[in-house]
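Colleague: This is the structure, below, for whatever I ask next.
The values are calculated or read from the model by the stated rules, or taken from the named source; none is laboratory data. Please read these numbers as outputs of a predicted model, since none were measured by experiment. Cβ coordinates were reconstructed from backbone atoms using ideal geometry, including for glycine residues, and neighbour counts include every protein chain displayed. To get the accessible areas, we keep the full protein, side chains included, count just its heavy atoms, and leave off ligands, DNA and RNA. Shrake-Rupley method; radii C 1.70, N 1.55, O 1.52, S 1.80 Å.
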Amino acid sequence: QNNPDAQPSEDAASAVESQSPIQTELPFCESGNHFLSLEAGGAWIDTGVVHQPLSRTPPENEHRHFLCYEHEGYKDTFQWQPPCRSRALPTQESTSSATRSEWPPSIEEAEQRPLQVLLWGDSLQYQIMKATQLRPKDYIPPKRSIQYKIKRHHEVYFVRSSHLIFKSPKSSHCQRKINHHPENFYMEEYASEQELVASVFGNKTYDYIFFNEFAHHGHLTNRIRRCYQAQGLTHQDVLKDALVHFTREMRFIARILRQYFPTTRVYFRTSSPQVYKWAPAEKPLKRVPHALRSFGYADCVDTPSQQNLHLWRCVPTYNAIATAAFVRRGHAILDTAPAMSLRVDAHPCSNQQHRDSYVHWNKSHEDCNHFCAAPGPPDVMVQAMEAEIFAREYEKQQQEKTTIA
């Protein structure tokens, strides 16, 4: 498992000291992206200290196949060293007479209503949600409480009345077939956008919404491929039309979020590539994978036809399409992809030593998408979200003070 891109270990003592989340010498994070910035000096540091056990063990059916911590032999000692100090955390002065776990918010902050945050997307969003529930023992609560909700999403959206249907310039035959029975092609049909909005949000409103969609589009391309092949079309034709639908889907979602939630801060969270090209690995990569930095649309559509190979070659294209759609509607981007793509070691497929102990071995053996949780990289994505949330809340408070003055 020697990996030429692996990151060398740091001295354990200095690394532990540098990992303290209360660092007054660091500037405050301007955003969640600042918290995760590699360019600003953020890095995965080998502290030499194994993560604390979970504070609560999940039930038997809670995706135990990617909880690598349950299996002897997996020890994650890498922690994220941010280049800035999150405003979600207390200052050093406020914790001088209290332990980290006992640190209380101020009375003013405690009396504020909890911030409402929705995580909307696939199983990676669900992993982030679980990280908010399975905090490590040394977890520091944020200054103001947050109530997280999850809306899981698998199949690609299909809304006939809003013209979010499948369009294929290459094959009118396949277009008719897919649109007649979208449920056969990994699509979730809604009669109207109002029905979709009601299904996702009910009657709730949110202060912040983080949306992500990528990995499950591989199922769409796999389902439509057979029809395309029967028409003499190529794998590249399949990918091109699948990307057209992804573009239309992202524009649709960005629009309804702006239309139905005009005062909510909305983010698209970028995706990381599946890591089977770099796994197995025992340490993080030194550099962001070339595929994530440099690959574009041509690299994606020229992907060889092996099943699911596009899940690492196409991720920059999917991220770029979604980013453009969301920014066009005035939404923001939480760019988790670069920092998370370094953790090729923190996936079940990099930790296959004890296959007999896995409850769902077949899934674990192939799973280069989910992270070994928790604690782990999903916790860092939660910290990035909270760094973003409290940077924006601070910004709001400053604006209110200016208005009053």
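Colleague: Calculate what fraction, in whole %, of the accessible area of segment 220-266 sits on carbon and sulfur atoms when a 1.4 Å probe is rolled over the protein chains. Provide the component values of the computation, followed by the final result.
Modeller: Working: 890 of 1970 Å².
Carbon-and-sulfur percentage of accessible area, whole number: 45.
Colleague: A further question on this structure: Accessible area per residue, 1.4 Å probe, Å², for segment 116-184: what's the number? All intermediate terms of the calculation are to be shown ahead of the outcome.
Modeller: Values: 2940 Å² over 69 residues.
Here the per-residue accessible area is 43 Å².
Colleague: Continuing with this model, one more query. For residue 230 and residue 324, what does the FRET efficiency come to when R0 = 30 Å and r is the distance between their Cβ atoms, rounded to the nearest 0.05? Display every interim value, and only then the final one.
Modeller: Details: r = 33 Å, r/R0 = 1.10.
Plugging the Cβ-Cβ distance into 1/(1 + (r/R0)^6) gives 0.35.
Colleague: Let me ask something additional. Work out how much length residue 112 to residue 305 would gain on full extension: take 0.36 nm times their residue separation and subtract the Cα-Cα distance, in nm to one decimal.
Modeller: Numbers: separation 193, 0.36 × 193 = 69.48 nm, distance 5.36 nm.
Computed gain between residue 112 and residue 305 is 64.1 nm.
Colleague: Here's a follow-up. Counting other C-beta atoms within 10 Å, and keeping those with at most 10, which DSSP coil trypsin sites (Lys or Arg not before Pro) do you find in segment 184-233? Working shown, then result.
Modeller: On the way: sites: 204, 223, 225, 226; in loops: 204.
Counting only loop positions with at most 10 other Cβ atoms within 10 Å, the trypsin sites (Lys or Arg not before Pro) in segment 184-233 are 204.
Colleague: With the convex hull built on the Cα atoms of segment 258-299, state its orientation-averaged projected area in nm². Intermediate values should be presented prior to the final figure.
Modeller: On the way: hull surface 21.7 nm².
The Cα convex hull of segment 258-299, projected and averaged over all directions, gives 5.4 nm².
Colleague: On to the next question. In whole percent, what relative contact order does segment 139-277 give with Cα contacts below 8 Å and a gap of six or more residues? If you can, show how the numbers build up before the last one.
Modeller: On the way: 124 pairs, mean separation 40.0, N = 139.
In percent, rounded to a whole number, it is 29.
Colleague: Now for a separate question. Would you check the accessible area of residue 180, probe 1.4 Å, heavy atoms only, in square angstrom rounded to 10?
Modeller: 130 Å²
Colleague: Would you please put 275-285, 143-153, 394-404 in order of how densely packed they are, using the mean number of other Cβ atoms within 10 angstrom per residue and starting with the highest? Write down the numbers at each step before the final one.
Modeller: Values: 275-285: 19.8, 143-153: 17.2, 394-404: 10.0.
Sorting 275-285, 143-153, 394-404 by mean packing, highest first, produces 275-285, 143-153, 394-404.
Colleague: Follow-up. Residue 152 label point, 7 Å along Cα→Cβ, cut-off 19 Å on backbone N: hits in segment 114-134?
Modeller: Counting backbone N atoms under 19 Å from the label point, the list is 118-134.
Colleague: Give a residue-ordered list of calculated ³J(HN,Hα) values for segment 191-208 (Karplus: 6.51 cos²θ - 1.76 cosθ + 1.60, θ = phi - 60°; whole Hz; x for Gly, Pro).
Modeller: My calculation for segment 191-208 gives 5, 8, 5, 5, 5, 5, 4, 5, 5, 7, 10, x, 10, 8, 10, 9, 7, 9 Hz in order.
Colleague: Taking H placed 1.01 Å from N in the peptide plane, check which residues at least 5 places from residue 29 or on another chain put their amide H under 5 Å from its amide H.
Modeller: 85, 86, 87
Colleague: Could you calculate the FRET efficiency of residue 176 with residue 290 from 1/(1 + (r/R0)^6), where r is the beta carbon distance between them and R0 is 45 Å, rounded to 0.05?
Modeller: Details: r = 40 Å, r/R0 = 0.89.
Efficiency computed from Cβ-Cβ geometry: 0.65.
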